[in-house]
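The values are calculated or read from the model by the stated rules, or taken from the named source; none is laboratory data. Note that this is a predicted model, so its numbers are computed, not measured. Here the Cβ positions follow ideal geometry from the backbone for every residue, glycine too, while neighbour counts run over all protein chains shown. Just the protein is used for accessible areas: all its heavy atoms, side chains included, with ligands, DNA and RNA removed. Shrake-Rupley method; radii C 1.70, N 1.55, O 1.52, S 1.80 Å.
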Amino acid sequence: MYDNKPQAVNTANFDHDVLASSDQPVLVDFWAEWCGPCRTIAPLLDQIADEYAGKAAIKKVDVDENQDLAARFAIRSIPTLIVFKDGKPVETITGVQPKAAITSAIDNHIN
């Protein structure tokens with residue numbers, strides 16, 4: 001199916017895996033297991049991770065297990081997707097969005 005799945009990140013590796021990644025944008029999905037809309041967009045993120053391999057990284061943060069990261073980035077509702085570029089959040093998408101809206105947010109930050 002999809003070889004390049006979104007990778008889970010947590011408090012311990014977030015700064016290294018997301019903020020220190022300067023060669024390509026990183027889309028981070030803030031989600032939770034119990035969140036229905038989060039499960040709705042998961043297959044889209046799997047597709048995007050596959051299609052954008054080498055151009056952008058897709059990561060996932062479970063907000064229940066990493067509440068400090070949710071607080072750090074002021075996550076008020078999930079799913080929230082944040083595109084990071086050069087260690088900074090540059091675009092935020094909240095709620096279930098069509099694939100085109102998600103890929104457009106990534107495309108805006110690919111060099």
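Taking interchain pairs and intrachain pairs at least six residues apart, which have beta carbon atoms under 9 angstrom, with the first residue in region 90-111 and within 17 Å of Cys35 (Cβ to Cβ) and the second outside any helix (DSSP H, G or I) and open to solvent by 50 Å² or more (accessible area, probe 1.4 Å)?
Thr94/Arg76; Thr94/Ser77; Gly95/Ser77
For region 20-55, give me each residue that is touching a residue at least 40 places away in the same chain (Cβ under 8 Å), open to solvent by 40 Å² or more (accessible area, probe 1.4 Å) and either in contact with a strand residue (DSSP E or B) (Cβ under 7 Å, 6 or more places away or on another chain) or under 20 Å from Gln67 (Cβ atoms) (or both).
Residues satisfying the conditions are Trp31, Pro37.
Which of the residues spanning region 1-20 are among the hydroxyl-bearing types (Ser, Thr, Tyr) and under 21 Å from Ala74 (Cβ atoms)? Even if it seems obvious, please write down each step before you answer.
Start the filter on region 1-20 by keeping residues that are among the hydroxyl-bearing types (Ser, Thr, Tyr), which leaves 2, 11.
Scanning region 1-20 gives a single hit, Thr11.
Tally up the residues in region 62-89 that are open to solvent by 60 Å² or more (accessible area, probe 1.4 Å) and farther than 15 Å from Cys38 by Cβ, please.
Residues in region 62-89 being open to solvent by 60 Å² or more (accessible area, probe 1.4 Å) and farther than 15 Å from Cys38 by Cβ: 7 in total.
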